[in-house]
Ligand code: HEC
């Protein structure tokens with residue numbers, strides 16, 4: 001199992017830029033009446049609610065990036081329509097952030113763009129001095145698939161749930177990379193109750209049944225490994 005390296009310094013930088021105007025909590029589903037609205041509704045409403053745009057506040061450059069991404073996903077529009085859509089979004093949903101970044105899936109280049117934002121901000125405030133550095137980086141890990149730990153867990157999961165376990169790479173940051181890289185325990189996986197898709201979402205929950213069967217699995221696996 002693997003986790004991505006997590007850059008705490010950059011995470012702080014992102015929090016800073018988002019509170020600086022990334023996402024607003026009101027008027028989420030309103031498209032103000034103005035020139036270009038009809039084009040947004042007809043062109044951008046083909047695959048999802050056109051109101052999706054209302055959750056974002058971006059610079060013109062940021063909107064151009066989103067629109068280019070939508071074209072690459074298959075959106076169709078004439079040059080005229082594109083210009084009207086860009087003008088409308090850049091005016092009605094104006095923000096200071098070029099583009100929101102998902103830290104779990106951002107590329108190194110995108111993370112570098114966060115550093116670029118900070119440098120720009122620093123240039124506007126010569127009295128503020130700061131440096132940007134990656135801090136606390138812990139590289140991802142992956143336990144060998146024939147690790148006894150994986151065998152014991154797989155067997156216990158089969159016995160308790162009747163299902164065959166599969167190994168996945170974690171898209172987030174778990175503790176096992178610290179245990180593996182810092183404490184030097186090479187065979188290390190993340191296993192626990194709950195749905196990955198719900199993690200860090202509003203109203204995240206975990207069913208009691210999941211917790212009970214997970215506890216049984218852990219107990220069985222520990223018994224296997226210690227016998
Ligand atoms: C061909 C289908 C399609 C059309 C047409 C389309 N989109 Fe999208 N849009 C998507 C898909 C698919 C996603 C989810 C992309 C993802 O999760 O990476 C998305 C996501 C978004 C998001 C969420 C943020 C993001 O970058 O993922 C915004 C904002 C958005 N679209 C705006 C627009 C705008 C503005 C238009 C009109 C110019 C448009 N969409 C037209 C398919 C489309």
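Quick check: is even one residue across segment 95-104 out of contact with any helix residue (DSSP H, G or I) (no Cβ under 9 Å at 6 or more places or on another chain) and part of a helix (DSSP H, G or I)? Steps first, answer last, please.
Here is the first cut: in segment 95-104, the residues out of contact with any helix residue (DSSP H, G or I) (no Cβ under 9 Å at 6 or more places or on another chain) are 104.
Those left that are additionally part of a helix (DSSP H, G or I): none.
Checked against the condition, which is being out of contact with any helix residue (DSSP H, G or I) (no Cβ under 9 Å at 6 or more places or on another chain) and part of a helix (DSSP H, G or I), segment 95-104 yields no hits at all.
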### Test for residue 73: is it closer than 22 Å to residue 30 by Cα, within 8 Å of the ligand (Cβ to nearest atom) and at pLDDT 80 or above
no
### Summary
Checking 91, 110, 61, 139 in turn, the sole residue that is out of contact with any helix residue (DSSP H, G or I) (no Cβ under 7 Å at 6 or more places or on another chain) and under 25 Å from residue 177 (Cβ atoms) turns out to be 110
### Message
Against the conditions (1) in a loop (DSSP other than H, G, I, E, B); (2) in contact (Cβ under 8 Å) with a residue 60 or more places away in the chain, where does residue 218 fall short? Just the number, please.
### Response
(1)
### Message
With the requirement that a residue be assigned to a helix (DSSP H, G or I), more than 8 Å from the ligand (Cβ to nearest atom) and in contact (Cβ under 8 Å) with a residue 24 or more places away in the chain, what does segment 43-64 give you?
### Response
54, 60, 61, 62
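Just to be sure before I move on: is residue 187 out of contact with any helix residue (DSSP H, G or I) (no Cβ under 8 Å at 6 or more places or on another chain), at pLDDT 85 or above and surrounded by 14 or more Cβ atoms within 10 Å (Cβ to Cβ) in the structure I sent? Full working, then the answer.
Numbers: out of contact with any helix residue (DSSP H, G or I) (no Cβ under 8 Å at 6 or more places or on another chain): no; at pLDDT 85 or above: yes; surrounded by 14 or more Cβ atoms within 10 Å (Cβ to Cβ): yes.
Spelling it out, it is not the case that residue 187 is out of contact with any helix residue (DSSP H, G or I) (no Cβ under 8 Å at 6 or more places or on another chain), at pLDDT 85 or above and surrounded by 14 or more Cβ atoms within 10 Å (Cβ to Cβ).
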### Summary
Within segment 98-116, restricting to residues that are surrounded by 18 or more Cβ atoms within 10 Å (Cβ to Cβ) and farther than 22 Å from residue 199 by Cβ, the one that is modelled with the lowest pLDDT is 99
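Kindly establish whether residue 34 is modelled with pLDDT of 50 or more and either part of a loop (DSSP other than H, G, I, E, B) or surrounded by fewer than 18 Cβ atoms within 10 Å (Cβ to Cβ) (or both). Spell out the reasoning first.
Numbers: modelled with pLDDT of 50 or more: yes; either part of a loop (DSSP other than H, G, I, E, B) or surrounded by fewer than 18 Cβ atoms within 10 Å (Cβ to Cβ) (or both): yes.
Spelling it out, residue 34 is indeed modelled with pLDDT of 50 or more and either part of a loop (DSSP other than H, G, I, E, B) or surrounded by fewer than 18 Cβ atoms within 10 Å (Cβ to Cβ) (or both).
The values are calculated or read from the model by the stated rules, or taken from the named source; none is laboratory data. Note that the structure is a prediction, hence the values are computed from the model and not measured. Neighbour counts run over all protein chains shown; Cβ positions are idealised from the backbone, glycine included.
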